[in-house]
Amino acid sequence: MRILFFVLALLLPVFASADPQPWMKKADPDNLFARLLVSPECPDDFESYADIVEGILIRSRLNSAVGGPASVDLMNENGDTVDWMAHQYVTDEKLFLRISLNCRSEKALYAFDLHVRFAFLANGLEVLMYASPSWNALGRHDAIQIRSSLEKLVENAITDYLKANFDLGEVDE
C-alpha cells in the first residue's frame, strides 16, 4: 500500500502540469468567454470574483467577456444586451472557460469547492471538456484565501490555454 501511495505521489506533478490538449486550440484564440457561477453563500459578491477573472484575462491580452447567471446582462459586438449563451465568444461551439465556486459559511471560515474547466455549447447544453488537478480546489478558508485560490486556478487554466494557442517560445528559468 505504501508503494502505491509513493508512486501516486510521484505521478501527481506530472498530471498537474500536463501539456495542453490539442482540442484547446481555437480558430480565434484572442477571444475567450468566461462563465462564472458563484453560490450566494460565498463571502464576496459576483462582481468581486468577476473582477478577478476579468483582470487575469486582460493581463493575458485576451479579448474577453465574463458572464454568469442569466441575471447578469452582457453586451455583444453590436452593443445589444444578450444572454450569455448568445454571446459571440460562445456561439458556434466555441471553447469557453467555466468557473464554478460553491461556498458554505462556517463561522469565520468558509468551506468551498472551486472548479475551473473548459467547455462549449452544443445544442444549447454545456459540454464540459477538460479539467486539470491544478485547476480545482477544495478547502476551508477565509475570504482572502478563497479569492487567492480563484486567482491561482484561473491563471493555471489560462496559462495552459495560452500555451496551446500561441507560440510562447522557450522560457529560461
In the range 112-131, which residue that is of a type in the set (A, V, I, L, M, F, W, C) and in contact with a Gly (Cβ under 9 Å, 6 or more places away or on another chain) is farthest from residue 41 (Cα to Cα)? 114
I'd like the full set of residues that are surrounded by 17 or more Cβ atoms within 10 Å (Cβ to Cβ) and either of a type in the set (A, V, I, L, M, F, W, C) or at pLDDT 90 or above (or both), limited to the range 122-140. 135, 137
Hey, can you tell me all the residues within the range 135-158 that are of a type outside the set (D, E, K, R), under 11 Å from the mean Cα position of the chain (by Cα) and part of a helix (DSSP H, G or I)? 135, 150, 153, 154, 156, 157, 158
Please go through the range 136-162 and pick out each residue that is more than 17 Å from residue 33 (Cα to Cα) and not aliphatic (A, V, I, L, M). 136, 139, 140, 141, 142, 145, 147, 148, 149, 152
Take the residues in the range 66-78 that are surrounded by 14 or more Cβ atoms within 10 Å (Cβ to Cβ) and more than 20 Å from residue 115 (Cβ to Cβ), then tell me which one is modelled with the highest pLDDT. 74
Return yes when residue 37 is under 13 Å from the mean Cα position of the chain (by Cα), among the aliphatic types (A, V, I, L, M) and surrounded by fewer than 17 Cβ atoms within 10 Å (Cβ to Cβ) and no when it is not. yes
Which ones in the range 110-154 are in contact with a strand residue (DSSP E or B) (Cβ under 8 Å, 6 or more places away or on another chain) and of a type in the set (Asp, Glu)? 113, 126, 142
Would you mind telling me which numbered condition in (1) modelled with pLDDT under 85; (2) at positive phi residue 61 fails? (1)
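The values are calculated or read from the model by the stated rules, or taken from the named source; none is laboratory data. Owing to the predicted nature of the structure, the values given are computational and were not obtained by experimental measurement. Reconstructed Cβ throughout: ideal geometry from the backbone, glycine too, with neighbour counts over all protein chains shown.
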